[in-house]
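Okay, structure first, notes after.
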Amino acid sequence: MDSTTRLPTAGLEIHNHTSKASTYSVTVEFDAPNGIRVSEGAALSLTVASGQTVKTTAGGSDQVTQKVTCKVTKVNRIAG
């Protein structure tokens, strides 16, 4: 969580295992300790080369007041 904005963030690592460059979109859910979703966010990585690994961040859209966990809920790949 960003201490200034109180928005949750999730560090992501995307590895392209395919033979073609691809664009990836990743959707993340942020959950309170009781399991209730309190925010969601997304990240987009353009033109990830074959065999390349990229690091990116998904930022949540809602402020949170407690520690949260994150889970990836959707990944889309578009081959280039």
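Details
- If you filter region 17-38 down to residues that are part of a strand (DSSP E or B) and aliphatic (A, V, I, L, M), you find that the one that is nearest to Cys70 (Cα to Cα) is Val28.
- Note on region 36-63: among residues that are in contact with a Phe, Trp or Tyr (Cβ under 7 Å, 6 or more places away or on another chain) and aliphatic (A, V, I, L, M), the one that is surrounded by the fewest Cβ atoms within 10 Å (Cβ to Cβ) is Val38.
- Scanning region 3-16 for residues that are touching a residue at least 24 places away in the same chain (Cβ under 8 Å) and not in a strand (DSSP E or B) yields Thr5, Arg6, Leu7, Pro8, Asn16.
- When region 33-63 is filtered for residues that are closer than 14 Å to Ala10 by Cα, of a type in the set (Gly, Ala, Ser) and in contact (Cβ under 8 Å) with a residue 24 or more places away in the chain, the ones remaining, listed by number, are Ser39, Gly41, Ala43, Ala58, Gly59, Gly60, Ser61.
- For region 62-76, the set of residues classified as assigned to a loop (DSSP other than H, G, I, E, B) and either aliphatic (A, V, I, L, M) or out of contact with any Asp or Glu (no Cβ under 9 Å at 6 or more places or on another chain) (or both) consists of Gln63, Val64, Thr65, Gln66, Lys67, Val68, listed by residue number.
- A single entry from Gly41, Gly59, Gly51 fulfils the requirement of being out of contact with any Lys or Arg (no Cβ under 9 Å at 6 or more places or on another chain), part of a loop (DSSP other than H, G, I, E, B) and over 12 Å from Ala79 (Cα atoms): Gly51.
Taken together, the values in this text are just the output of simple stated rules run on the coordinates, not laboratory data. For clarity, every value in this text was computed on a predicted model and none was experimentally measured. Ideal geometry is used to build each Cβ from the backbone, glycine not excepted, and the neighbour counts take in all protein chains shown.
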